[in-house]
Each structure stands twice: as C-alpha cells, then as structure tokens.
Amino acid sequence: MSSHPTLAFIGGGNMASAILGGLIASGTPAQHLVVVEPFEAQRLVLTEKFGVQTFASAEAASTALTQATMVVWAVKPQSFAEAAAPCAAWVHQAVQVSVMAGIRSDAIARATGSDRVVRAMPNTPALIGQGIAGLFARASVSSPERQQVEALLAPTGALLWVAQESDLDAVTALSGSGPAYIFYFIEAMMTAAERMGLSAEQGKALALATFSGATELARRSDESPAVLRERVTSKGGTTYAALSAMNTAHVDTAFIDAMQAARQRASELGDQFGSAGR
C-alpha cells in the first residue's frame, strides 16, 4: 500500500477523533491519515493518541491534501467558509465528506470545487462506536465512493442512507439531537427518584439500566413498541397510572412538537449557512 495520505480531516475535534479512533482500531495505517487542526494542544493530542500527522494550516498540509482521495470536514458550521477558503486549491480532486450540521451539499461543492459530496449527520454515541449517522450523497458520488464512505464511518455505529438531502433535517431532529432527549428523561427519572426517597445515584442506575434494557428488547423483538408497551400496562396498575398521567399532560404531543421544532431549526441553519463558499 502507498505511504501517501489518502484521507484528510479538516478539523480534529470530538467527531474527527471518533472517526480516527475507529479507523486506527480497524487497521488503517496512521500514515494514511492527516489532520489540519489550528489548535496546537489538540494537534498534540491527536499525534500522541493516534500517531497521525497533523498540520496547523492548509498551506502547510498542501502536499498531503493534494494526495488525499477523501476529505472529511469536521469543523464547526460557522467556521466552514473560513476553513474551506485556503483548502479549496488542494482538495478539489477528492470526495468531500461532511459531518457538519447545517452546511448543505451545494455550499460544500461550491467551496471545495468538488461536486462529489456526502453529508453525514452522526450523533454523540459515535464517540463510543454506538452512534447512528444519516447519510446523503450527491448524484456525482459513485457507488464505490459511497462504499468508501460507509467504511469510513462504520466504526462509529449504524448508518442510514436517505434519498433527499432535506431528509437530513429529520435525521437531525430524531437521532442527531436525540441523545439529549434521552439524557433529559434520565435527569427527570433521577429527580423523581430523589423525591421518592432514593438517591440520585440509585435513580441513575435504575434509569440507565431501564433505558438500555428496553432499547435492547425493542431491538430484538419482532413486535412493535406499541405492543411491547401494552404488554407492560395492566389496566389499573402502576404503569397504567404513569402513562395516564403522561397522556393527561400530553407528553407525547409535546415530544413530537419538540422534534418538529428541531427539524425546523435544522432547516433554518441550512438557510443561514447556505451562502458558505459563495
């Protein structure tokens, strides 16, 4: 295999680190990976942890960027235009993979000079290899290139392709923001535990085990979540009382409305950052 870099990261934060860690663990040689990261402390972390070559600027990394067949954009959305400008001269030959929220593929294509763009919407459990990412590919991305992107992101968790880029807004609302919803309910269960005489630590242990177990049961079962819920709910019992209280408070409607709000905000961010690269 060539010793030249084949994969370049622009930005070396948490999500880039999760992907790098997965690639290294799955056998990708460190010398095939380079990272452009302006912060020295983070460059040192990446070098020490993964053994990859890092650069402070696109200019310093120009040779490596020219050799890369795939470029992963892992900067904050508001920093994309500034980060892309000095990279454009060196990366136009590569497939562009974005893990940024809000930056649409046409803006990435304009900013990089490459129409071969794949957008990914991962979530934070990717940091432990238990995430799920929604993926959208522009028409110029070939089937082998889609497979390469899958290989890139597979170590972070499950993958789901969508046919329309606008579907990524829904993915953002459900799974991209989703871990925060789970943490929100865990917090509420911990508070309830304390009010009922248990400790916060006991509440956390019970909540985490319950979420984990129920999720795995739903994953393994051929029955729908509705059927599984009904099986736990005896009329007049404790679960019935709890669900009746939630229904009276319209928790389901509020939860659906919350995800609709997240989807709308994702669309607004796409409009806001849509001029990037112009």
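Can you give me the Kirkwood hydrodynamic radius for the chain, using every pair of distinct Cα atoms, in Å to one decimal? Display every interim value, and only then the final one.
Values: mean 1/r = 0.0483 Å⁻¹.
After inverting the pairwise mean of 1/r, the radius is 20.7 Å.
What ranking of TRP73, TRP161 emerges when the number of other C-beta atoms within 10 Å of each C-beta is taken as an exposure proxy, fewest first? Walk me through the intermediate numbers first.
On the way: TRP73 27, TRP161 14.
By the 10 Å Cβ count, ascending, the order reads TRP161, TRP73.
Just name one of SER234, LEU269, GLY203: the one whose Cα is farthest towards the positive end of the charge dipole of the stretch 177-275 (beta-carbon charges, Lys/Arg +1, Asp/Glu -1).
Among SER234, LEU269, GLY203, the one farthest towards the positive end of the dipole of the stretch 177-275 is SER234.
Tell me which of LEU174, PRO144, ILE108 sits at the most positive position along the dipole axis of the chain, charges placed on C-beta atoms (Lys, Arg +1; Asp, Glu -1).
PRO144
Amide H neighbours of GLY131 under 5 Å, at least 5 residues apart or on other chains, H built in the peptide plane: list them.
Distant-sequence amide H within range of GLY131: ALA126, GLY157, ALA158.
Highest first, please rank the peptides 256-269, 101-114 by the mean number of other Cβ atoms sitting within 10 Å of their residues.
101-114, 256-269
Say the dipole of the chain comes from +1 at the beta carbon of Lys and Arg and -1 at that of Asp and Glu; which of ILE24, THR47, GLY213 then lies farthest toward its positive end?
Farthest along the dipole direction, towards plus: GLY213.
Quick one: putting +1 on the C-beta of Lys and Arg, -1 on the C-beta of Asp and Glu, what dipole do you get for the chain around its Cα centre, in Debye to the nearest 20? Working shown, then result.
Numbers: 19 positive and 23 negative charges, 35 e Å.
Using only the charged Cβ atoms, the result is roughly 160 debye.
Given 0.36 nm per residue, what is the gain on full extension from ALA60 to SER140 after removing their alpha carbon distance, in nm?
Values: separation 80, 0.36 × 80 = 28.80 nm, distance 2.93 nm.
Extending this stretch completely gives an extra 25.9 nm.
Classify the stretch 173-218: rounded, prolate or oblate, from the alpha-carbon gyration tensor (a ≥ b ≥ c, eigenvalue square roots; a/c under 1.5 rounded; otherwise prolate if a/b is larger than b/c)?
Oblate, because a/c is 1.5 or more while a/b does not exceed b/c.
To the nearest 20 debye, what charge dipole does the stretch 84-168 have about its Cα centre, counting +1 at the Cβ of each Lys and Arg and -1 at the Cβ of each Asp and Glu?
So the dipole magnitude of the stretch 84-168 works out to roughly 100 debye.
Please work out whether the stretch 178-266 counts as rounded, prolate or oblate from its C-alpha gyration tensor, where a ≥ b ≥ c are the square roots of the eigenvalues and a/c under 1.5 means rounded, while otherwise a/b larger than b/c means prolate and anything else oblate?
It is rounded, given that a/c, with a ≥ b ≥ c, falls under 1.5.
Which of the GluC sites (Glu not before Pro) found in the stretch 30-69 are in a DSSP loop and have at most 14 neighbouring Cβ atoms, other than their own, within 10 Å?
Hits after loop and neighbour filter: GLU59.
Based only on other Cβ atoms within 10 Å, what is the fewest-to-most ordering of THR28, THR66?
Going from sparsest to densest Cβ surroundings: THR66, THR28.
So how strong a dipole does the stretch 178-266 carry about its Cα centre when Lys and Arg Cβ are +1 and Asp and Glu Cβ are -1, to the nearest 20 debye? Don't jump to the answer; show the numbers that get you there.
Values: 9 positive and 9 negative charges, 16 e Å.
Once rounded to the nearest 20, the dipole reads 80 debye.
Would you list MET121, MET196, MET70 from fewest to most Cβ contacts within 10 Å?
Fewest-to-most Cβ neighbours within 10 Å comes out as MET196, MET70, MET121.
Hey, with R₀ at 35 Å, roughly what FRET efficiency would MET196 and ASN14 work out to, going by the Cβ-Cβ distance, to 0.05?
0.45
Coordinate-derived values only; no laboratory data. No experiment lies behind these values; they were computed from the predicted model shown. Reconstructed Cβ throughout: ideal geometry from the backbone, glycine too, with neighbour counts over all protein chains shown.
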